[in-house]
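Here is the structure we will look at.
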Amino acid sequence: MYRFSDKSLAYQQRLQAFMEEHIYPNEKNYAEQLHNASNRFAPLPLMDELKEKAQAAGLWNLFVPPSHAEFCGHEGFSNFDYAPLAEMMGRVLWSPEVFNCNAPDTGNMEVFMKYGTAEQQERWLKPLLAGEIRSSYAMTEPDVASSDATNIQLRIEKDGNEWVLNGRKWFITNAMYERTKIFIVMGKSDPDNPNRHKQQSQVLVPKNTPGVALVRPLTTLGYDDAPIGHAEIVFDNVRVPLENILLGEGRGFEIAQGRLGPGRIHHCMRLIGAAQRSLELACQRVQRRETFGRKLSQHQSVREDIAKCFSEIEMARLLVLKTASKMDDVGPPAARDMIAASKISVPIMMQKVIDRCMQMHGAGGLTEDYCMAEAFNYARWCRQADGPDQVHQMALGKQLIGIFGGE
């Protein structure tokens, strides 16, 4: 039986109270501000107001682990203790930003904490931790299968005391957001290196650098995820100083692996919150509607779907907690089997749960009147983000065969 620390339990109570007082009552207000905005990718006044309240309540940068507690105003949370907090935030898809706990900024901040120089941390990490700016992680490309990260083609070439970048990226989250100021860009600096995992580097590119062009915002199942958004970007002879490299030349793949593990689990944590809320709304819905002379809740098929949803959410939650616990005990690299298992299972399981809950809401479940359609979209694109299902299945299968299959 698992038990969260007293600190986590206390923060769960504080976060739940904040959600009930400030987040749920403002869902309609948030949607109206976004709908009426002249620029969908500009900061919303409501978000700034809620951020101030969250900081005042001490609910800020909760994702920071104890190993990097010097960067935040608390002692840090283990992955295990952070899981229920991320789940609560996942109940309203835009709320993680209120607490400075949204992707991709959490992963990027961890990159700066782990791999950044003192100067890079001063210039970029501090304002990110303060919520003053946002950031993007530019890895995926349209012209190659980016599920194999060694395929990426963006060129990073040295010219005097500068790096020169040329290439195209897409589905770059946060890139459309007006407050985004820095891109972490992965590309090939040594394409002829016989070790395919040493060909890549990651460099820091300020968004306003000449040659950086936002081509267009992209959608997922019709959602543009404003104001954060996902963009296609062209880098045309973009020049940055040599000191903008992260960790060192040829270490881009290493950085990517170190960044993506915790981020994958954070998505799973939030997805469980989205599915749990969908189930609760479905239970309320079936008690209020009648068909064929009785409440929906009295139909056998509805009860079966409710039971399946509950069971699958519980299985997913326990898998994520076991994964988080292993990450805390042995570190993300050694917990890659459990991370892969969670990444494979949780998004598709929660997608099915949310789909059933949408069905129980009838046509309304497909609309923006409820949270489920957007949550379904989130679950679906999580099956692509941070590596598609098939890549994780392949890696986990290979690992397990090596452990149990012998020669």
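Read the figures in this text as sums done on the coordinates, not as results from a lab. Note that the structure is predicted; figures quoted are calculated from it, not measured. So basically every Cβ, Gly included, is an ideal-geometry build from the backbone, and we count neighbours across all protein chains shown.
Ranking TRP163, GLN33, GLN393 by how far each Cα lies toward the positive end of the dipole of the chain (charges on Cβ) leaves GLN393 at the top.
Fully extending the segment from ALA69 to LEU9, taken as 0.36 nm per residue of separation minus the present Cα-Cα distance, adds 19.7 nm. Considering only ALA149, ALA363, ALA275, the Gaussian network model of the chain with Cα springs below 10 Å gives its largest mean-square fluctuation to ALA363.
Comparing GLY273, GLY364, GLY250 in a Gaussian network model of the chain (Cα springs below 10 Å), the most mobile by mean-square fluctuation is GLY364. Quick check of the Kirkwood formula: for the range 284-345, what is the inverse mean of 1/r over all pairs of different Cα atoms, in Å? Value: 14.0 Å, from the Cα pair sum. Label zone (HIS299, point 7 Å along Cα-to-C-beta; backbone nitrogen cut-off 16 Å) within the range 333-366: 355-366. Translational diffusion coefficient of the range 128-204 at 10 °C, 1.306 mPa s, Stokes-Einstein with Kirkwood Rh over Cα pairs, in µm²/s as a whole number. It diffuses with D of about 118 µm²/s by this estimate.
For the peptides 92-101, 229-238, the ranking by mean Cβ contacts within 10 Å, running from highest to lowest, is 92-101, 229-238.
Helices of the chain meeting both criteria, an alpha-carbon length of 27 angstrom or more along the long axis and an average Kyte-Doolittle score not below -1.0, with helices taken as full DSSP H segments, are 252-288, 300-330, 336-360. Which lysines, on any chain, are close to LYS53 with Cα under 19 Å apart, when same-chain ones fewer than 8 places away are left out? By straight Cα distance, LYS53 reaches LYS28. Computed as a quarter of the hull surface, the mean projected area of the alpha carbon convex hull for the range 316-407 stands at 7.1 nm². Here the range 1-118 is treated as a sphere whose radius is the Kirkwood value from Cα pairs; by Stokes-Einstein at 37 °C and 0.692 mPa s it diffuses with a coefficient of 215 µm²/s. Within a straight-line Cα-Cα reach of under 12 Å, LYS158 can be paired with the following aspartates and glutamates, leaving aside sequence neighbours fewer than 8 residues apart in one chain: ASP190, GLU243, GLU249.
Computed FRET efficiency, Cβ-Cβ of ARG289 and VAL234, R0 51 Å: what is it to the nearest 0.05? Using R0 = 51 Å, I get an efficiency of 0.55.
With an 8 Å cut-off on Cα pairs and a minimum separation of 6 or more residues, tell me the relative contact order of the range 253-404 in percent. For the range 253-404, the relative contact order is 30 percent. Spin-label pair HIS197-VAL144: with each label point 7 Å from Cα along the Cα-Cβ axis, the two points sit 1.7 nm from one another. The alpha-carbon of LYS398 sits under 29 angstrom from the alpha-carbons of these lysines, leaving out residues fewer than 8 places away in its chain: LYS114, LYS188, LYS198, LYS322, LYS326, LYS343, LYS352. The helix-only estimate of mean residue ellipticity at 222 nm for the chain, built from DSSP H runs of length n ≥ 4 each weighted as -39500 (n - 2.57), is -15000 deg cm²/dmol after division by the residue total. In this structure, GLU32 and LYS53 have a Cβ-Cβ separation that, at R0 = 30 Å, corresponds to a calculated FRET efficiency of about 0.95. Residues within the reach of a label modelled at THR117 (point 7 angstrom out along Cα to beta-carbon, backbone nitrogen below 16 Å), restricted to the range 185-225, are 202-206.
Rounded to the nearest 0.05, what FRET efficiency do ALA334 and GLU243 give with R0 = 35 Å and r taken as the Cβ-Cβ distance? Could you check? FRET efficiency, ALA334 to GLU243: 0.60. With N counted as the residues of the chain, its alpha-carbon radius of gyration over 2.2 N^0.38 Å works out to 1.00.
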